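Below you'll find the structure, written out as structure tokens, and then a few comments.
The values are calculated or read from the model by the stated rules, or taken from the named source; none is laboratory data. Please read all numbers here as calculations on a predicted model, not as lab measurements. Because the Cβ atoms are built from the backbone with ideal geometry, glycine has one as well, and the counts that use them run over all protein chains shown. Side chains are part of the model used for accessible areas, which takes the heavy atoms of the whole protein and leaves out ligands, DNA and RNA. Shrake-Rupley method; radii C 1.70, N 1.55, O 1.52, S 1.80 Å.
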Amino acid sequence: MSGKKTVFMSIGTDVIHGGHMEIIRRAAGLGELTVGVLTDEVVAAYKRHPLLTCQERMKIAMGLKGVANVIRQDEIGYAAPLRVLRPDYVVHGDDWREGFQKPVREECLRLLAEYGGELVEYPYSHNQEYDRLEAAARSQLSIPDLRRGRLKWLMETKGLITCMEAHNGLTGLIAEKAAVMENGAIRQFDGMWVSSLCDSTIKGKPDIELVDFSSRMNTVNEIMEVTTKPMILDGDTGGLTEHFVYTVRTLERIGVSAVIIEDKIGLKRNSLFGAEANQQQDSIENFCHKISAGKRALKTREFMIVARIESLILEQGMEDALARAFAYVEAGAGGIMIHSRRKEPEEVFEFCRRFRARNSHTALVVVPTAFNTVVEEEWRRRGVNVVIYANHLIRSGYPAMWRTAETILRCRRAKEADEAYCMPIKEILTLIPEE
Ligand code: SPV
Ligand code: MG
């Protein structure tokens, strides 16, 4: 056995610049260097969706001077590579001493201590040129052809994805950027839901398909201009089949990933009114016809038409819901959304179980507004692929604004509201920086 020391470092980037090359050069100087290339799923979760696949990034890493071996790294943590390779050194930039990677570093130190390995950290220097490169790579993700297929990709790689509602550019940015750190990983929403309820409410209109398609498109575009995550549009009933085919083409062209249409006809009211509102469900035959026509209009295999079943909302029973689900899949629906307004999730659970017993591949979507106690892991266990938080930003934003307005009225000045409820002017001025 040669006495050469062994070195390990992880790479998550798809934009290799001089800074990375410098660390690789130093790492290779310590001994035989193995690079762990983080999988697409890991990179997407902690940073952004990679522009190059893990396989391509592995090939690039293999070609870099100083790199002796390349392995695939399935987790941001170092447990797997360190237990297998037991390298003498792990190399990293010192930026991970703070921030979301701090626990990853601590775990790495513990693992190294188990067998006497050593952590070597190099100073991380901020370079505006590298920041610009990263920003340019990120902006690529908003290009329609790159954004559209990412919903399917995320569903296939993660099994379960989550979407937050967005109703304008600002809430789009929240859905895009909100992140929490947890055990050395970052949790973010995977995509955005453009809800008819929120898009109507923000315009001071009721949710009855009164906000027309052009106006809905303005909202979609406004959000798309400032975000990169995939988008699902709430398409209400989809309108007339003859119109729906045009809607589908437009949405697909501009990079929306999926449209969800509900099997109602006539004047649509929000589902959470249930059977109290006078609402009519479409016939299976007619709705299947709408789905197939939409499907035929598609130009890509990426865009999804999701059929939303209102049988439980309109008290038509489980058998009706299931019969519709199988018929809609047969007609070409790429996903099924089952909706319910009950607080208890049991009827949705039953639907998922019976649907999955006969269909293991079609995407299942839930909107747990009423049945909000179920955690995402449970939805995953029950075969659900998409969880949509359909209205939570508008429902939290509106009371906050109302409270501020009342406080100013009561106090006859803004000081109290400013201090209690408002972010500093300085912060709002720089919230959206100039490019
Ligand atoms: C919406 O968000 O507009 C929806 C979901 O359609 S629900 O409000 O629950 O009907
Ligand atoms: Mg809606």
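Structure notes:
- Scan of the range 217-237 for residues that are outside any helix (DSSP H, G or I) and within 16 Å of ligand 2 (Cβ to nearest atom), ordered by number: MET231, ILE232, LEU233, ASP234, GLY235, ASP236, THR237
- Scope the range 325-344; condition in a helix (DSSP H, G or I) and within 15 Å of THR237 (Cα to Cα); matching residues: TYR328
Residue by residue, here is whether (1) open to solvent by 30 Å² or more (accessible area, probe 1.4 Å); (2) under 30 Å from ALA178 (Cα atoms); (3) without any contact (Cβ under 8 Å) to a residue 40 or more places away in the chain holds:
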| position | (1), (2), (3) |
| --- | --- |
| LYS4 | yes, no, yes |
| HIS20 | yes, yes, yes |
| LEU38 | no, yes, yes |
| ALA45 | yes, yes, no |
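- Of all residues in the range 345-372 being outside any helix (DSSP H, G or I) and away from ligand 1 (no atom under 16 Å from the Cβ), the one that is most open to solvent (accessible area, probe 1.4 Å): HIS361
- Selected residue [within 16 Å of ligand 1 (Cβ to nearest atom) and either within 14 Å of LEU233 (Cα to Cα) or modelled with pLDDT under 95 (or both)] from GLY204, GLY184, GLY172: GLY172
- Among the residues of the range 256-270, the ones that are away from ligand 1 (no atom under 12 Å from the Cβ) and not in a strand (DSSP E or B) come to 5 in all.
- Taking every residue in the range 98-126 that is touching a residue at least 24 places away in the same chain (Cβ under 8 Å) and in a helix (DSSP H, G or I) and pairing it with any residue that is open to solvent by 60 Å² or more (accessible area, probe 1.4 Å) and of a type in the set (Lys, Arg), at least 6 positions away or on another chain, the pairs with Cβ-Cβ distances below 6 Å are TYR115/ARG86.
- Among the residues making up the range 326-338, those that are under 14 Å from VAL365 (Cβ atoms) and out of contact with any Leu (no Cβ under 9 Å at 6 or more places or on another chain) are TYR328, VAL329, ALA333, GLY334.
- Every test in (1) more than 25 Å from ALA331 (Cβ to Cβ); (2) in contact (Cβ under 8 Å) with a residue 60 or more places away in the chain; (3) open to solvent by less than 10 Å² (accessible area, probe 1.4 Å); (4) outside any helix (DSSP H, G or I) is passed by ALA175 save one, and that test is (4).
- Filtered by the rule that a residue be open to solvent by 10 Å² or more (accessible area, probe 1.4 Å) and either near ligand 1 (Cβ under 9 Å from one of its atoms) or in contact with a Ser or Thr (Cβ under 8 Å, 6 or more places away or on another chain) (or both), the range 188-200 gives PHE189, ASP190, LEU197.
- Cβ-Cβ under 6 Å pairs, at least 6 apart or on other chains, the range 224-251 side on the phi < 0 side of the Ramachandran plot, far side open to solvent by less than 20 Å² (accessible area, probe 1.4 Å) and of a type in the set (Lys, Arg): PRO230/ARG147; PRO230/ARG150; THR237/LYS264; THR237/LYS268; THR241/LYS290; PHE244/LYS290
- Filter result for the condition that a residue is within 24 Å of the chain's Cα centre (by Cα), within 15 Å of ligand 1 (Cβ to nearest atom) and part of a helix (DSSP H, G or I), over ARG395, ARG380: ARG395
- Identity of the residue in the range 416-434, in a helix (DSSP H, G or I) and open to solvent by 100 Å² or more (accessible area, probe 1.4 Å), that ends up nearest to THR404 (Cα to Cα): GLU419
- Selection status of ARG403, surrounded by 12 or more Cβ atoms within 10 Å (Cβ to Cβ), outside any strand (DSSP E or B), under 24 Å from the mean Cα position of the chain (by Cα) and at pLDDT 95 or above: no
- In the range 225-235, the residues that are in contact with a Lys or Arg (Cβ under 7 Å, 6 or more places away or on another chain) and either open to solvent by 10 Å² or more (accessible area, probe 1.4 Å) or of a type in the set (A, V, I, L, M) (or both): THR228
- Test: residue in the range 308-324 that is surrounded by 21 or more Cβ atoms within 10 Å (Cβ to Cβ), of a type in the set (Asp, Glu) and either on the phi > 0 side of the Ramachandran plot or assigned to a loop (DSSP other than H, G, I, E, B) (or both): yes
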